[in-house]
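What follows is a set of notes on a single structure, which appears directly below.
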Amino acid sequence: MSTEEVKPKGPGAAVAEGRVLVIGGGVAGIQASLDLADAGAQVYLVEKSPSIGGWMAFLDKTFPTNDCSICILAPKMADCFGHPNINVLTSSKVIGVKGEAGKFTVTILRKSRFIDEEKCTGCLECVEKCPTKVPNEFEFGLGIRKAIYIPFMQAVPRVVSIDREHCIKLTKDKCGVCEKTCKRGAVDYEMKDQEAEIKVQAIIVAIGFEPWDPTTSREYGYGRYPNVYTAIEFERIINASGPTGGHIQRRSDGQRPRKIAYIQCVGSRNPAVGHPYCCSVCCMHSTKEAMLAREHHDDMESTIFYKDMRTFGKGFNEYMERAKRDYGVRYVNSDATVEENKDNHNPIVVYDVAGKSEREEFDMVVLANTLIPRASSQELAQVLGIPLTEFSFFKSKDRILHPTDTSRDGIFLAGYCAGPADIPECVAQGSAAASRAMDIITHHSAKGAHAAKETHATKEASA
Amino acid sequence: MPEEKAQGAGREAQGKEEGARDKGVGKDGGENPVPLSASPLEPSSLAPCALRPAPCRIGVFICHCGSNIGGIVDVPAVVEYASRLKDVVHAERNLYTCADDGLTAIKTAISKHGLNRVLVASCTPRTHAPLFRRTCEAAGLNQYLFEFVNLREHCSWVHMREPARATEKAKALVKMGVARARLLERQEEPVLDIEPAAMVLGGGVAGLSAALSIANQGFPVHLVEREPELGGMAARLHRISPTYRNAREVVGPVAEAVSAHPDIRLHMPATMTDLSGYIGNFEVTLSTGEKFRVGSIVVATGADELRPDGLYGWGQLKNVVTQMELERLMAAGPFTRPKSVVMIQCAGSRGQKVSYCSKRCCFTAIKNAILLKEESPDTEVHILHNEIHVYGVAFEKEYRRAQELGVRFSRYSPEKPSVSEQNGRLNVNFYDEGLRRERDLPADLVVLSTPLVARPEAEELSKMLKVPLGQDRFFFEAHVKLRPVDFATDGIFICGTAKGPTNIGECVEQALGAASRAAIPLAKGRVRVEAITSRVNTDTCRGCGRCESECDYHAISLVPVNDAFGNRLVARVNEGLCKGCGKCSSICCNRSISLRHFTTPQIMAMVEAALEEG
């Protein structure tokens, strides 16, 4: 595959002068960056975590094709990082934006990894030697990591970071093992956070979502009953590269469950917790998880408790029919709450059938907890000077004709941060936002060329 | 990069030294006889070292990858082994071959030892091949003379508990790599000019949005619409959910902007009747006789509403209409508001005439129910459904609003409702899942929420474009998850309801997305394309056509030739369409097709090396 590009000619030539900032390195931001860069524009991709990839990097498989999620995403992550026109800035955030479409000045805070990214080859010898163990937030506390770490095995860039809160060299000036281990001299405990200023013509916001924490809705028992899981936790424990190596195990006793209940609309379609909306993906991911559990073990029995099974996308209805027919997944149309059998920590699901309350014991419960806008949306919206909706999604100028535009010219939206969307819609939006940014680039370079011509003409006239 | 794969015309124009290459890549569809290649046996591939003036000088670089490889495989032993292999003139090991010092070592060795083949044994080519290839090029070595061996994923990581045997396997892998490296040939990546214009098929809201976006990026667009007016299905709606704006007021300005755009040329009414070529150089013929060239194509031909013939009395009973018919009634102005309206969801879909969910019928029914209720609060509106699919924020909100306005929702199951006429009034009979009993609802108007279905002409269009349809006869994208607006065929993109039912906002998102993708090759203007494509030995090709029918990219066709062997058919590879997958070369009945850079002699040399003792 040739990565070397030939210099563009014709109308495309103007694009090479284009500079775009993409905020968020999930699949929407990656797609936007790749489209812009392939067209010849220069892209700064700012990601707050140490790796690009977003949530998709943590999923096991994707509906309705059951493609392995990281296997299809990893090549895009590598293409993005290796692209000569994309400057990937991880562990970074946007803290200031000035100017207007065509000439934004953006301030970026680059948090120190305490590692020279150019020198680190990702061999992970330092990780092996590091004595400090920390609950792994990238496995949602299900596994452990070291104080020097990569967030997950397929991380891009494959560069370690030092966790400044837990590293005993940084906190207590002890240890220093990683520096001694690193044969390339990549460790630098003195490395400071840096601010960088860049100039761009357009900005794409693609910061994604975060799963809602169901601890506060006590009726599901999450956090109190060990064998109640959130969907993303379940994605990790069925994933071969997850904390259990793909073995489905219960938190309480390490045993593998045979009977799993999935509860839909946890925190969504629920005005009482502030999310009256449907998050658009849970019906499908629970169906997928039930199918995958059955693929792991033939004797796995799965039951999905739902309000409406919303199988509205391409191939979705057929997928659900397949789950019923070929995987024996049972669907029960009812709200559900969870209690626990204290003797064996088995969750008990309480639900209604024909107006009659039923109780059924399961080995494990998986909550389809809703996906909500990131807590950081508010702050970023202020920095960018763009509005949010009543539920803190970024607000489109017009949901119908300008779905990726914001009220501020030159700032565009892509992905779940603008409202619930599944992966293909996020990808389409990433490309859509890229085309809007290209529009700004073309417009402003044309104006620039025009202005240059005028200046030239004026000079000639005065001479 | 898939879109860079077009070649052919550019290669011909180049007239490089690659005399052995087939030249029959003309865009003329095959009138010209195929020139014969010099020899059926590719002598240069058989024994390149022997026939080339310069002997093979192979350099081997083995990477420790920190401890990833070095911690398991005995790297010095592998280096020592490699240095003794035939034609290897230099072997070394690096802590990290990919780091600056490693790359410098490669460049230095190329000039110092006069290397004409480089082999790196390290991690995965997925992430690192481009880096090493660039390094070779920088040192003046053609990048196709580089060979990659994966000692990490293919060896140390999977055999970490058996270091001794892993070392033996590493030696074998390196030996295989060296065997192939001897037979590598330099390849050129031709530069191809791209026609900086696009064609959009379909003038509905998706096609209009795509055309505007491409034109606004500075490229001329040919917009082809089969009807005499723009706007498509959206323009025939009454109001648009969830904003309730008048459909004509929404679509009208977009259609006007397209009509007024200096870079958009409208072809209307017209359809495409012929297409040839490939990315960068599509030759289009329209029903109007017009011909033009474009670099990329966006398909936005839309969908039809299902005609519910034979369902729920539609066409037989008066006052049984589809949602679209209701929209037109409402758009036409005030009509006598019925006292009681029953809407039936999934009329024809989800197991009736089609298996899929049409995505838009739930919010369409809710929108129309709300409009009826707002204009005539006394009208009873009852929506019979089998689950309400109002995903996201806005549609769910409208669902609640409809309930607040008194629209009633009842879940039917498992059978679909039935409609009959009793005493001059319509009656809808169904099993109410909530009440757990059968019910009869009298109605003045029954509205069927019918699904969108693929247009019948999609079939012919898919053949002309050489792109697939899915099982529902909607166009089938390259990848459901990650390439939602691409086709597997480069340079052709898909958006809107031609791909499957969706809402207008999403049609526009997809259209802008497709516009972005379609504009990439246009913005590049020229691309350097990959060299790994198939070539046919026309002397031995028997013209059986097996490769033609098996090629997933429609890159092979049988063409007539008249040569020393008489009048006959032979296979011809369109290198602009060829993806270098190698399927044709592996199924060819007498090995008349080979894949550049992965020739049979190259692969067999690896196999023989693997089976050889020592």
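The values are calculated or read from the model by the stated rules, or taken from the named source; none is laboratory data. Quantities reported herein were computed from a predicted structural model and do not represent experimental measurements. All Cβ positions, even for glycine, are placed from backbone atoms using ideal geometry, and neighbour counts span all protein chains on display. Quick note on the areas: whole protein, heavy atoms, side chains included, nothing else; ligands and nucleic acids left out. Shrake-Rupley method; radii C 1.70, N 1.55, O 1.52, S 1.80 Å.
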Give me the pairs, please: first residue somewhere in segment B:438-460 and outside the structural domain of B:Gly500 (by TED's automatic domain parsing) and within 13 Å of B:Met343 (Cβ to Cβ), second residue anywhere and open to solvent by 40 Å² or more (accessible area, probe 1.4 Å) and in a loop (DSSP other than H, G, I, E, B), beta-carbon distance under 7 Å, and either six or more positions apart or on two chains. B:Asp444/B:Asn319; B:Asp444/B:Lys339; B:Leu445/B:Asn319; B:Val446/B:Asn319
What residue, among those in segment B:365-405 that are within 9 Å of chain A (Cβ to nearest Cβ) and among the basic types (Lys, Arg), is surrounded by the most Cβ atoms within 10 Å (Cβ to Cβ)? B:Lys397
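Conditions tested, residue by residue: (1) in contact (Cβ under 8 Å) with a residue 12 or more places away in the chain; (2) open to solvent by less than 30 Å² (accessible area, probe 1.4 Å).
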| residue | (1), (2) |
| --- | --- |
| A:Val205 | yes, yes |
| A:Glu210 | yes, no |
| A:Arg224 | yes, no |
| A:Thr230 | yes, yes |
| A:Ile238 | yes, yes |
| A:Gly245 | no, no |
| A:Ile248 | yes, yes |
If we keep only residues of segment A:177-192 that are in contact with an Asp or Glu (Cβ under 9 Å, 6 or more places away or on another chain) and among the basic types (Lys, Arg), then the residue least open to solvent (accessible area, probe 1.4 Å) is A:Arg184
So is A:Glu137 open to solvent by 60 Å² or more (accessible area, probe 1.4 Å), free of Cβ contacts under 8 Å to residues at least 40 places away in the same chain, closer than 20 Å to A:Pro243 by Cβ and not assigned by TED's automatic domain parsing to the domain that holds A:Thr244 or not? yes
Could you please find all residues in segment B:410-432 being not in a strand (DSSP E or B) and either not charged (D, E, K, R) or not assigned by TED's automatic domain parsing to the domain that holds B:Arg350 (or both)? B:Ser413, B:Pro414, B:Pro417, B:Asn423, B:Gly424
Picking from B:Ser516, B:Ser534, which residue would you name as being of a type in the set (Gly, Ala, Ser), within 14 Å of chain A (Cβ to nearest Cβ) and open to solvent by less than 10 Å² (accessible area, probe 1.4 Å)? B:Ser516
Residue that is least open to solvent (accessible area, probe 1.4 Å), among those in segment B:57-99 that are basic (Lys, Arg) and away from chain A (no Cβ under 14 Å): B:Arg57
Condition test on B:Arg307, is it surrounded by fewer than 16 Cβ atoms within 10 Å (Cβ to Cβ), of a type in the set (D, E, K, R), in a loop (DSSP other than H, G, I, E, B) and away from chain A (no Cβ under 12 Å)? yes
Among the residues of segment A:408-456 satisfying the criterion of being assigned to a helix (DSSP H, G or I) and among the β-branched types (Val, Ile, Thr), which is modelled with the lowest pLDDT? A:Thr455
Restricting attention to segment A:101-119, and to residues there that are part of a strand (DSSP E or B) and open to solvent by 30 Å² or more (accessible area, probe 1.4 Å), which single residue is farthest from the other protein chains (Cβ to nearest Cβ)? A:Leu109
Does A:Val266 fit the bill of being in contact with a helix residue (DSSP H, G or I) (Cβ under 9 Å, 6 or more places away or on another chain), away from every other protein chain (no Cβ under 14 Å) and either open to solvent by 40 Å² or more (accessible area, probe 1.4 Å) or at pLDDT 95 or above (or both)? yes
Please enumerate the residues belonging to segment A:385-407 that are in a loop (DSSP other than H, G, I, E, B), more than 11 Å from chain B (Cβ to nearest Cβ) and touching a residue at least 40 places away in the same chain (Cβ under 8 Å). A:Gly385, A:Ile386, A:Thr406
Restricting attention to segment A:77-92, does a residue exist that is open to solvent by 50 Å² or more (accessible area, probe 1.4 Å) and modelled with pLDDT of 95 or more? yes
How many residues does segment B:406-432 contain that are in contact with a Pro (Cβ under 8 Å, 6 or more places away or on another chain) and at pLDDT 95 or above? 7
Please go through segment B:467-510 and give me each residue that is of a type in the set (Gly, Ala, Ser), at the interface with chain A (Cβ under 8 Å from one of its Cβ atoms) and not in a loop (DSSP other than H, G, I, E, B), ordered by number. B:Gly505
Starting from segment B:285-306, take each residue that is at positive phi and list its partners that are among the charged types (D, E, K, R), counting only C-beta distances under 7 angstrom and pairs at least six apart or across chains. B:Gly302/B:Arg455
Looking only at segment A:313-333, and only at residues there that are part of a loop (DSSP other than H, G, I, E, B) and at pLDDT 95 or above, the one that is nearest to the other protein chains (Cβ to nearest Cβ): A:Val329
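Rundown of residues vs (1) part of a loop (DSSP other than H, G, I, E, B); (2) among the hydroxyl-bearing types (Ser, Thr, Tyr); (3) assigned by TED's automatic domain parsing to the domain that holds B:Ile58, yes/no style:
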residue: B:Ile110; (1), (2), (3): no, no, yes
residue: B:Gly114; (1), (2), (3): yes, no, yes
residue: B:Tyr144; (1), (2), (3): no, yes, yes
residue: B:His159; (1), (2), (3): yes, no, yes
Six or more apart or on different chains, Cβ atoms under 7 Å: show the pairs whose first residue is in segment A:334-345 and over 17 Å from A:Val366 (Cβ atoms) and whose second is open to solvent by 60 Å² or more (accessible area, probe 1.4 Å). A:Asn341/A:Glu361
By residue number, the members of segment B:212-246 that are under 22 Å from B:Pro501 (Cβ atoms) and without any contact (Cβ under 8 Å) to a residue 40 or more places away in the chain are B:Leu230, B:Gly231, B:Ala235, B:Thr243, B:Arg245
Positions within segment B:290-310 being farther than 30 Å from B:Val354 by Cβ and among the polar types (S, T, N, Q), in sequence order: B:Ser296
Going residue by residue through segment B:104-113, is there one that turns out to be more than 14 Å from chain A (Cβ to nearest Cβ) and basic (Lys, Arg)? yes
Does B:Gln352 count as touching a Leu at 6+ places or on another chain (Cβ under 9 Å) and assigned to a loop (DSSP other than H, G, I, E, B)? yes
At least 1 residues that are modelled with pLDDT of 85 or more and among the acidic types (Asp, Glu) in each: list the helices (runs of 4 or more DSSP H) lying fully within segment B:18-99 that qualify. B:75-83
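A quick yes/no check of all residues on (1) modelled with pLDDT of 95 or more; (2) buried (at least 16 other Cβ atoms within 10 Å of the Cβ); (3) in contact with a strand residue (DSSP E or B) (Cβ under 8 Å, 6 or more places away or on another chain); (4) part of a helix (DSSP H, G or I):
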| position | (1), (2), (3), (4) |
| --- | --- |
| B:Val321 | yes, yes, yes, no |
| B:Met324 | yes, yes, yes, yes |
| B:Arg328 | no, no, no, yes |
| B:Thr336 | no, no, no, no |
| B:Gly348 | yes, yes, yes, no |
Only one of A:Ala240, A:Ala261 is outside the structural domain of A:Leu388 (by TED's automatic domain parsing) and part of a strand (DSSP E or B), namely A:Ala261
